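The values are calculated or read from the model by the stated rules, or taken from the named source; none is laboratory data. A quick note: this is a predicted structure, and the numbers were derived from the prediction, not measured. Cβ atoms come from the backbone with ideal geometry, glycine included; neighbour counts cover every protein chain shown.
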Ligand code: UD1
């Protein structure tokens, strides 16, 4: 059997690492790893391959940045050539980035069976590019591997036959469980000093007395009317209570500079380079609170027990919400709501529950499902 799997952007890498490891134990399977190159910086891509022991991609498509249509179009053109040359039995895509969607369309047009890891997530928000990618991918996939029962139910409600759905758990938690013991002893102050965006003196940080934030989604950073009040709250209020660490995504930095907010942020937030997997995990393990618009961090907080304020109005990952036992509260980008949840969480000692099958063994279940699938 020959399988092509695809990665393109940062959130894909922690999902593919355990899959590569699990496949490597099956000599009968030939695995071809393709990197579309949507993310290309060392810090957005290569460092994850090194940290997580992901093998060198067999094929690199070098797609790079561009509009959605440019990324999807270029990926389809280049990936079609790979599929024609390799003639795989299965194409396996992960997550919801542009590479996921582009390669799914190519797979079906080339009559190759398609499996989707992280199927069934739905935010219901068609303004999110990822939601479009999820809908297209799941409509085309032959095998839909879901991280939780809510996602399986979403697919059933959309008419997917039950034999095509396999509830396997969350593969990203395989990576978290494999890596967490390696970083527990890492000193937070040293880590932060090493990764400071611009060199300056910072006081020693307590190993568990800081907040961490990430924010890069267009819905939060593309309009000044949304971004400015959030930045004001973070810089005028949160940083007065505790150090606030922000490993900053290139697109968020660009927007802050564009709107003239960069100097204000730099003055009070501890700005860091985009972090490697291990450093981010260490910060999350010590954080008193996470403020984020990232889906993956919401999930990791749920397992690590870090209270998480999700800077979005909806989530495709409801299993991570407090009402389902998780760690996260949807606070959108309305400052009143963010402030109220922030003060509530600051004084809470609640521990979230780990969702079913988020146990570190999802990749093995995925490989079993693939080998059994017709
Ligand atoms: C993509 C994913 C998003 C994911 C995010 C994580 C889609 C639709 N979106 O969004 O789901 O949460 O990755 O990072 O696929 N850039 C660099 N270096 C890089 C890559 C990008 O500087 O290595 C800059 C470029 O200016 C680029 C911008 O970041 O234009 C945005 O990158 P892009 O890949 O278009 O989307 P993300 O916002 O990263």
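Got at least one residue in the stretch 309-322 being part of a loop (DSSP other than H, G, I, E, B), over 22 Å from residue 51 (Cβ atoms), out of contact with any strand residue (DSSP E or B) (no Cβ under 9 Å at 6 or more places or on another chain) and not assigned by TED's automatic domain parsing to the domain that holds residue 50? Write out each step before concluding.
Within the stretch 309-322, the subset part of a loop (DSSP other than H, G, I, E, B) is 311-317.
If we keep only those that are over 22 Å from residue 51 (Cβ atoms) too, we end up with 311-317.
Filter once more, keeping what is out of contact with any strand residue (DSSP E or B) (no Cβ under 9 Å at 6 or more places or on another chain): 316.
Within this subset, residues satisfying the condition of being not assigned by TED's automatic domain parsing to the domain that holds residue 50 are 316.
Checked the stretch 309-322: at least one residue is part of a loop (DSSP other than H, G, I, E, B), over 22 Å from residue 51 (Cβ atoms), out of contact with any strand residue (DSSP E or B) (no Cβ under 9 Å at 6 or more places or on another chain) and not assigned by TED's automatic domain parsing to the domain that holds residue 50.
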Filter the stretch 285-308 down to the residues that are within 15 Å of the ligand (Cβ to nearest atom) and under 19 Å from residue 359 (Cβ atoms) and list them by number. 296, 298, 299, 300
Which condition does residue 14 not pass, out of (1) farther than 17 Å from residue 279 by Cα; (2) in contact (Cβ under 8 Å) with a residue 40 or more places away in the chain, if it passes all the others? (1)
State all residues of the stretch 207-255 that are touching a strand residue (DSSP E or B) at 6+ places or on another chain (Cβ under 9 Å), at pLDDT below 95 and closer than 16 Å to residue 311 by Cα; if no residue qualifies, say none. 249
Do you know which of the residues in the stretch 144-164 that are surrounded by 21 or more Cβ atoms within 10 Å (Cβ to Cβ) and touching a helix residue (DSSP H, G or I) at 6+ places or on another chain (Cβ under 6 Å) is farthest from residue 103 (Cα to Cα)? 148
Index of the failed condition, residue 327 passing every other in (1) within 16 Å of the ligand (Cβ to nearest atom); (2) under 24 Å from residue 147 (Cβ atoms); (3) crowded, with 19+ Cβ neighbours inside 10 Å: (1)
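On the basis of being closer than 23 Å to residue 13 by Cβ and without any contact (Cβ under 8 Å) to a residue 40 or more places away in the chain, does residue 83 make the cut?
no
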Any residue in the stretch 186-194 that is away from the ligand (no atom under 16 Å from the Cβ), touching a strand residue (DSSP E or B) at 6+ places or on another chain (Cβ under 8 Å) and assigned by TED's automatic domain parsing to the domain that holds residue 337? yes
Report, ordered by the first and then the second residue, all pairs with beta carbons closer than 6 Å, sequence separation of six or more or different chains, a first member in the stretch 154-169 that is outside the structural domain of residue 364 (by TED's automatic domain parsing), and a second member that is loosely packed, with under 10 Cβ neighbours inside 10 Å. none
All but one of (1) crowded, with 20+ Cβ neighbours inside 10 Å; (2) in contact with a helix residue (DSSP H, G or I) (Cβ under 7 Å, 6 or more places away or on another chain) hold for residue 345, so report the exception by its number. (2)
Out of the residues in the stretch 118-137 that are part of a helix (DSSP H, G or I) and surrounded by 24 or more Cβ atoms within 10 Å (Cβ to Cβ), state the one that is nearest to the ligand (Cβ to nearest atom). 134
